[in-house]
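Below you'll find the structure, written out as structure tokens, and then a few comments.
Just so it is clear, none of the values below were taken in a lab; they were calculated from the coordinates. As the structure is a prediction and not an experimental result, all values here were calculated from the model. Methodologically, a virtual Cβ is constructed for each residue, glycine included, from the backbone with ideal geometry; neighbour enumeration extends over all protein chains shown.
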Amino acid sequence: MPGTSTSDSNNYLLPEIDAVTAHNWMVARTGVMLDVREASEFDFENIPGSVLLPLSFLDPNNFPAIEGVKIIVLCAIGKRALAAQKQLHDFGFKNLYTLSGGIDAWKKAGLETQGGKFEALDYTI
């Protein structure tokens, strides 16, 4: 699936990758995961090693210079990630990918998440 793309209204191809590819890039340190969900969503459940920058606060003028790695943008299911990816691309950022299916696809692939969701579980006997 690494070659999959979604086209926006301007026919710009927005590359998407699957969860396993994203995980492999993170493990190899060739990719960084940018989570554009809101802080409450991130606190509840997130991908270990991901960086929070909510779409509502995304300002490409203040975006840190990230070079030499792929930027993997994610949200819950993919819509906000595509919007963030397009904004960053329009400001000249390169190596941008969207995690196809968002954190839901990550979990369906059996990959690890963390967050407050797990603190609410009571495993006492």
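Would you mention how many residues in the range 29-78 are among the acidic types (Asp, Glu), surrounded by 13 or more Cβ atoms within 10 Å (Cβ to Cβ) and outside any strand (DSSP E or B)? Walk me through it before giving the result.
First, pick out the residues of the range 29-78 that are among the acidic types (Asp, Glu): 35, 38, 41, 43, 45, 59, 67.
Next, from what is left, pick out any that are surrounded by 13 or more Cβ atoms within 10 Å (Cβ to Cβ): 35, 38, 41, 43, 45.
If we keep only those that are outside any strand (DSSP E or B) as well, we get 38, 41, 43, 45.
Number satisfying all stated conditions: 4.
Being surrounded by 14 or more Cβ atoms within 10 Å (Cβ to Cβ) and part of a loop (DSSP other than H, G, I, E, B), is that true of even one residue in the range 79-91?
Looking through the range 79-91, none of the residues is surrounded by 14 or more Cβ atoms within 10 Å (Cβ to Cβ) and part of a loop (DSSP other than H, G, I, E, B).
I want to confirm something. Restricting to the range 98-116 and keeping residues that are among the charged types (D, E, K, R) and in contact (Cβ under 8 Å) with a residue 60 or more places away in the chain, which single residue is nearest to Ala81 (Cα to Cα)? Steps first, answer last, please.
Filtering the range 98-116 down to residues among the charged types (D, E, K, R) leaves 104, 107-108, 112.
If we keep only those that are in contact (Cβ under 8 Å) with a residue 60 or more places away in the chain as well, we get 108, 112.
Values: Lys108: 18, Glu112: 20 Å.
Only one residue fits best here, namely Lys108.
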